[in-house]
Structure formats: C-alpha cells, structure tokens
Amino acid sequence: MQVYKIYPVGFASNSYLITADGKTAVCIDPAQPRISDEAKKRGLTVTFVLLTHGHFDHIGGVASLQKAGAKVGCLFGEEKLALYDNLAAAFGEEEIESFKIDFTFKDGEELELAGLKIKVISTAGHTAGGACYLIDNNLFTGDTLFEGSVGRCDLPTGNGLALEKSVKKLYALDGDYTVYAGHGEDTTLDYERKYNGAIRA
C-alpha cells in the first residue's frame, strides 16, 4: 500500500491518494480540482472518494474526480453540509462545483474499496457527520485531530463536547498509527496521546 500526500496550493486541506496496486486509488478529501492531475502524474485512476467532512476546503476537487468515474462517499448525515452548506460563501471563496454523494456509511463499517480494507470511525465535533478512516497502520483524521491540536468546533454543526469524545475515541484505539491530518504535518497517534495539549488522553 502506498499513501501519497498532496499539500494544497493556497487555502485548502491536505489530500490523500491511497493505492494498493499502483493503478487504482481511493482519494480522501480531494481539496482542489488539480488532485485529478496529481493522480494522473502518479499513474493512478481514482475509483473512490471518501470525505472526512463536508467543508469547502476539503471538497473542491470532488466534481472533477466524479466526472472521471469516481464514486463519492461520506458518513451518513453529512450529505447536506457537503452539498449545500459547505461554508464557501461564508469564507469568501468561490462556490464549489456541484457533485453528488453516491453512497454513505456508518460508524464501524468496514469498506473494501480499490483493494483496500477501510474501517470507518465516526468522529463528530468539528462537524456532526465527521469521519476518520483507518487503513492498515494509517489513520486519516480530517479536521478532528492534528499534530499537537484538534479541529475547531465553532462552525455550523460543530460541538466541543462531541469533539472531545471523538478525539478520546481515537486515543482509545489499540496500537499506534501514522496520523494523516486534514491540515499540517503528519504525526503518530501515540505522540498525540502523550503530548497533544488540546485534549489529553
């Protein structure tokens, strides 16, 4: 399995291309339309898109991938935020090109996509329908958990108590994992358990 991290140009989130066979890939949070080109540069066809949540800075490249054939999924209940209330206008950003949600899933489900086994972990707090994804020894946390910090909870559908519960849910996972966050640098779950000053284990 290979993880490609694509940093944003300007204000957007990190995007991730994950492939098991070097040909097809799952993209987590395609933040910008250029993610389609980034996949092609690596010889990858994105067959599935998974959203950690529906904010505009995480979904700007969804439409271009969907037009090329990718199926798009998110946690059940996050569809409205992703499709209609994604905060682009509130932050003075251009409207996101429209797309549709092809499938949804719930907490604890195990997905098999593009040869990858993906465990869904619901993590409300930053948004009500936030999700993290566990793939082998890699944890994709969106805006729930960052290196040394956690996501904000003062935006629509955010909830501070829910965020604390969700972060502690991640801390309670067995073992250590590489943490790939929505913004900033990679970290490990064990490091965050020990040193994250925002929410203690």
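Just to be sure before I move on: is Lys106 closer than 26 Å to Asp174 by Cβ, surrounded by 14 or more Cβ atoms within 10 Å (Cβ to Cβ) and basic (Lys, Arg) in the structure I sent? So Lys106 fails the test. Kindly indicate the residue of the stretch 122-138 that is of a type in the set (Gly, Ala, Ser) and part of a strand (DSSP E or B) and also farthest from Ala31 (Cα to Cα) among those meeting that condition. My answer is Ser122.
The residues on offer are Ala88, Ala12, and the sole one that is in contact with an Asp or Glu (Cβ under 7 Å, 6 or more places away or on another chain), under 17 Å from Leu155 (Cβ atoms), among the small types (Gly, Ala, Ser) and crowded, with 17+ Cβ neighbours inside 10 Å is Ala12. When the stretch 139-171 is filtered for residues that are among the polar types (S, T, N, Q) and either open to solvent by 40 Å² or more (accessible area, probe 1.4 Å) or not in a helix (DSSP H, G or I) (or both), the ones remaining, listed by number, are Thr141, Thr144, Ser149, Thr157, Asn159.
Okay, residues lined up against (1) of a type outside the set (Asp, Glu); (2) in contact with a strand residue (DSSP E or B) (Cβ under 6 Å, 6 or more places away or on another chain):
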{"site": "Gly60", "(1), (2)": "yes, no"}
{"site": "Lys71", "(1), (2)": "yes, yes"}
{"site": "Leu83", "(1), (2)": "yes, no"}
{"site": "Glu94", "(1), (2)": "no, no"}
{"site": "Lys106", "(1), (2)": "yes, no"}
{"site": "Glu109", "(1), (2)": "no, yes"}
{"site": "Cys132", "(1), (2)": "yes, yes"}
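Of all residues in the stretch 20-50, those that are surrounded by fewer than 24 Cβ atoms within 10 Å (Cβ to Cβ) and not in a loop (DSSP other than H, G, I, E, B) total 9. Taking the conditions (1) surrounded by 17 or more Cβ atoms within 10 Å (Cβ to Cβ); (2) farther than 19 Å from Cys153 by Cβ; (3) not polar (S, T, N, Q) in turn, His58 satisfies each one other than (2).
Only residues that are open to solvent by less than 30 Å² (accessible area, probe 1.4 Å) and charged (D, E, K, R) were counted in the stretch 172-201, giving 1.
The values are calculated or read from the model by the stated rules, or taken from the named source; none is laboratory data. Everything numeric in this text was worked out from a predicted model, so none of it was measured. No Cβ is skipped: glycine too gets one built from the backbone with ideal geometry, and neighbour counts run over all protein chains shown. Accessible surface areas use protein heavy atoms only, side chains included; no ligands, DNA or RNA. Shrake-Rupley method; radii C 1.70, N 1.55, O 1.52, S 1.80 Å.
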